[in-house]
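J.: Have a look at this one before I ask anything.
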Amino acid sequence: MKVNKIDHICIAVKDLAEAQKTWEPLLGKAKPDDPYVDELEQIRVARYMLGEVGFELMESTTPDGPVAKFIEKNGEGVMLISFNVDNTREAVDELKDAYPFIPAPDGEVARPFRDCEFAFIHPKKLNGVLTELIDYKWDELEK
């Protein structure tokens, strides 16, 4: 498996609108480059592109979603680092004996997002850092 780049870094926040007001002046952005809601993951996201790396502010869309649980346990802050790979399923197959992956509620390790898939490696194996592998193609960079 080859890591192509850091894909994105996610910051868990309680209030997305307030976090945007805090971060946008520092990022030099008036608004997110890619705001979206991922219903399956129960998150609302403001994604900013910083070069070829995404910087995401995420809030939970439900009181018991993964981001809300993270904040309850750890407070607001860096929740995950994502690495871009060529093929998520192949990366999982290669790494599954060395790293524990977190299955989705449906039991699948590879989860859908837009035209790609991602998977989470449990933080207990990587110094407490929730790590994501994603095979997103980043067509936005070609526009």
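The values are calculated or read from the model by the stated rules, or taken from the named source; none is laboratory data. What you are looking at is a predicted structure, and each value in this text was computed from that prediction instead of being measured. Cβ coordinates were reconstructed from backbone atoms using ideal geometry, including for glycine residues, and neighbour counts include every protein chain displayed.
J.: Quickly run through region 34-79 and pick out the residues that are crowded, with 19+ Cβ neighbours inside 10 Å, under 18 Å from Leu130 (Cβ atoms) and of a type in the set (Gly, Ala, Ser).
T.: Gly54, Ser60
J.: Quick one: in region 115-143, which of the residues that are in a loop (DSSP other than H, G, I, E, B) and surrounded by 12 or more Cβ atoms within 10 Å (Cβ to Cβ) is modelled with the lowest pLDDT?
T.: My answer is Trp138.
J.: Follow-up question, since we're still on this one. Out of (1) of a type in the set (Lys, Arg); (2) in contact with an Asp or Glu (Cβ under 7 Å, 6 or more places away or on another chain); (3) more than 17 Å from Val13 (Cβ to Cβ), the odd one out for Arg44 is which?
T.: The single condition Arg44 does not satisfy is (3).
J.: Here is a further query. How many of the residues making up region 1-18 are assigned to a helix (DSSP H, G or I) and acidic (Asp, Glu)?
T.: 1
J.: Quick one: Val109 ticks every box in (1) touching a residue at least 40 places away in the same chain (Cβ under 8 Å); (2) buried (at least 17 other Cβ atoms within 10 Å of the Cβ); (3) among the β-branched types (Val, Ile, Thr) except a single one, so which number is it?
T.: The one condition Val109 does not meet is (1).
J.: As an exercise: evaluate Val85 against (1) in contact (Cβ under 8 Å) with a residue 60 or more places away in the chain; (2) out of contact with any helix residue (DSSP H, G or I) (no Cβ under 9 Å at 6 or more places or on another chain) and give the number of the one condition it does not meet.
T.: (2)
J.: Regarding Lys21, is this residue outside any strand (DSSP E or B), exposed (fewer than 15 other Cβ atoms within 10 Å of the Cβ) and out of contact with any Ser or Thr (no Cβ under 9 Å at 6 or more places or on another chain)?
T.: Against the criterion (outside any strand (DSSP E or B), exposed (fewer than 15 other Cβ atoms within 10 Å of the Cβ) and out of contact with any Ser or Thr (no Cβ under 9 Å at 6 or more places or on another chain)), Lys21 qualifies.
J.: Can I ask one more? When Leu26 is evaluated against the numbered criteria (1) part of a helix (DSSP H, G or I); (2) aliphatic (A, V, I, L, M); (3) surrounded by 15 or more Cβ atoms within 10 Å (Cβ to Cβ), which criterion, by number, is the only one it fails?
T.: Failing condition for Leu26: (3).
J.: Regarding region 89-104, can at least one residue be identified that is in a helix (DSSP H, G or I), touching a residue at least 24 places away in the same chain (Cβ under 8 Å) and either surrounded by 19 or more Cβ atoms within 10 Å (Cβ to Cβ) or touching a Pro at 6+ places or on another chain (Cβ under 7 Å) (or both)?
T.: yes
J.: Considering only residues that are within 27 Å of Asp33 (Cα to Cα) and either at pLDDT below 95 or acidic (Asp, Glu) (or both), which ones fall in region 86-103?
T.: Asp86, the sole residue that qualifies.
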